[in-house]
Amino acid sequence: MQEFGDRVAFVTGGARGIGYAIAQALLEEGSRVMIGDVNEESLSAAKKALGEFGEVESVVCDVSDASAVAHAADAVIERFGRVDILVNNAGVVIGGAPGEFDLDDWRWIVDVNLMGVVYGVETFVPLIKSHGQGGFIVNTASMAGHGGMPGLAPYSATKFAVVGYSESLRRELADHDIGVAALCPGWVNTQIYESDFSRPSKAGRQLTAEDEKTLLGAKEFFATGLPPRVVGQWVIESMKRDAGYIFTNRDLRGAIDERADVLRAAYDACLASPLFPEEGV
């Protein structure tokens, strides 16, 4: 996608962090933008702030609810008449150890991080196809979608899924001139760590002193990450060159190389084994 003027975008998780930054970057390129978010108060503030950059509207949207995503799509069409760009950005994270996760928390992170993307795609792709002028889909995954992270197994699992899903979509939608990219950021200065306390097993619970200490530590750590603004601008540049992957942090290249080396070594072991025929299956 080279031109963004007169294009219409829907961005989930658009009230803060990366979603807000992508929305701002799209507006600066001349696109009209609908932002969706589950937090109505943050959404209202974001709409007001983004209004300085262009034409923006907002809709409350819980991406884990297919009907809410459908409602958001209706709102986009009613307000702007079409949609060209879908940014499935909303996401959550939970930490813990195997054997200690509440299964309701597992279902929650899958519903938001994976099914939220699925609902977005299944709802918006027919709308993008309908005008025949192509478009673009950005699915926010993570570097955790390219390497398992200790203590964050559910998060990594959902982000691996988003990467694989995006790869398939990219091949399937190419003939419709709809580009697809998996956004795989590393450390970015956002408040995603707060979502750990919104999981079903913790929702509504009074924060303990230990919880407050954990939050403060996470805040200090994430504050060292990339400014979301940089990521938003890079997403636009990456869409212009039809990137399939959008990476951010320079210092994480080693993780990609390490994974590639491990996979190559495992496949070389298969090739060297006498158990497998040299040709055929």
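The values are calculated or read from the model by the stated rules, or taken from the named source; none is laboratory data. These numbers come from a predicted model, not from an experiment. Backbone-built Cβ (ideal geometry, glycine too); neighbour counts: all protein chains shown.
Worth pointing out:
- Enumeration of residues in segment 21-46 that are closer than 18 Å to residue 92 by Cβ, in contact (Cβ under 8 Å) with a residue 40 or more places away in the chain and surrounded by fewer than 24 Cβ atoms within 10 Å (Cβ to Cβ): 38
- The one condition in (1) over 24 Å from residue 170 (Cβ atoms); (2) part of a helix (DSSP H, G or I); (3) in contact with a helix residue (DSSP H, G or I) (Cβ under 9 Å, 6 or more places away or on another chain) that residue 96 fails to fulfil: (2)
- Among the residues making up segment 139-154, those that are surrounded by fewer than 24 Cβ atoms within 10 Å (Cβ to Cβ) and either basic (Lys, Arg) or in contact (Cβ under 8 Å) with a residue 60 or more places away in the chain (or both) are 143, 146, 147, 154.
- Restricting attention to segment 200-242, the residues being modelled with pLDDT under 80, surrounded by 14 or more Cβ atoms within 10 Å (Cβ to Cβ) and of a type in the set (A, V, I, L, M, F, W, C) number 3.
- All conditions but one from (1) loosely packed, with under 10 Cβ neighbours inside 10 Å; (2) in a loop (DSSP other than H, G, I, E, B); (3) over 27 Å from the mean Cα position of the chain (by Cα) apply to residue 276; the one that does not is (1).
- Residues located in segment 175-187, provided they are more than 20 Å from residue 9 (Cβ to Cβ) and either in a helix (DSSP H, G or I) or of a type in the set (Gly, Ala, Ser) (or both): 175, 186
- Residue within segment 46-60 that is at pLDDT 95 or above, of a type outside the set (Phe, Trp, Tyr) and within 17 Å of the chain's Cα centre (by Cα) present: no
- Exactly one residue out of 255, 260 is without any contact (Cβ under 8 Å) to a residue 60 or more places away in the chain and either surrounded by 11 or more Cβ atoms within 10 Å (Cβ to Cβ) or of a type in the set (Val, Ile, Thr) (or both), and it is 260.
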